[in-house]
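Colleague: Can you keep this structure in mind? I'll have questions shortly.
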């Protein structure tokens, strides 16, 4: 971003609103703010990082990491990987292997190989898969459909949802108490 022109608007008092010992520079609507409340009033702040995806020496795409700095919807400090290749675009299987390993639905029995785990029995499937062989519905379908995997994803990323009251009767009682005062 380059400044095209500066127009004087007269003399005004200027204040530097800042937070002690904190250095924040935030791009907000095309303006760089220094140590202002933009950070604190924002609903979501995501920081994107990227790494080149190479095949030998040739760059074939990028692996992006969405770092959740602040959010009212996703747990803060979460990292969400997104795999993008020039040939295939965004991979719909991005991040699932990390989630599968984290939740115990997938294990890494040896370097470069992955196996599925039956969460009901704890049995490890005999078949081993290379990373490229995990990028399909046949591998992920049963895992994604399992309630235990869905709960693991919610536990890792979801902040909160639903009512702060246990049921509607609790809400009615609260209003009755307020009216009685």
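The values are calculated or read from the model by the stated rules, or taken from the named source; none is laboratory data. Values in this document were obtained by computation on a predicted structure and should not be read as measured data. FYI the Cβ positions are ideal-geometry reconstructions off the backbone, even for glycines, and counts take in every protein chain you see.
Colleague: Against the definition (surrounded by 15 or more Cβ atoms within 10 Å (Cβ to Cβ), in contact with a strand residue (DSSP E or B) (Cβ under 8 Å, 6 or more places away or on another chain) and in contact (Cβ under 8 Å) with a residue 12 or more places away in the chain), how does residue 103 come out, yes or no?
Modeller: no
Colleague: Would you mind telling me which numbered condition in (1) outside any helix (DSSP H, G or I); (2) touching a strand residue (DSSP E or B) at 6+ places or on another chain (Cβ under 9 Å); (3) at pLDDT below 95 residue 39 fails?
Modeller: (1)
Colleague: Taking the residues in region 112-132 that are out of contact with any strand residue (DSSP E or B) (no Cβ under 8 Å at 6 or more places or on another chain) and over 24 Å from residue 156 (Cβ atoms) as candidates, determine which candidate is modelled with the highest pLDDT.
Modeller: The extreme case among them is 112.
Colleague: Kindly indicate which of 81, 109 is surrounded by 15 or more Cβ atoms within 10 Å (Cβ to Cβ) and either farther than 27 Å from residue 151 by Cβ or at pLDDT 90 or above (or both).
Modeller: Selected residue: 81, the only one of 81, 109 that is surrounded by 15 or more Cβ atoms within 10 Å (Cβ to Cβ) and either farther than 27 Å from residue 151 by Cβ or at pLDDT 90 or above (or both).
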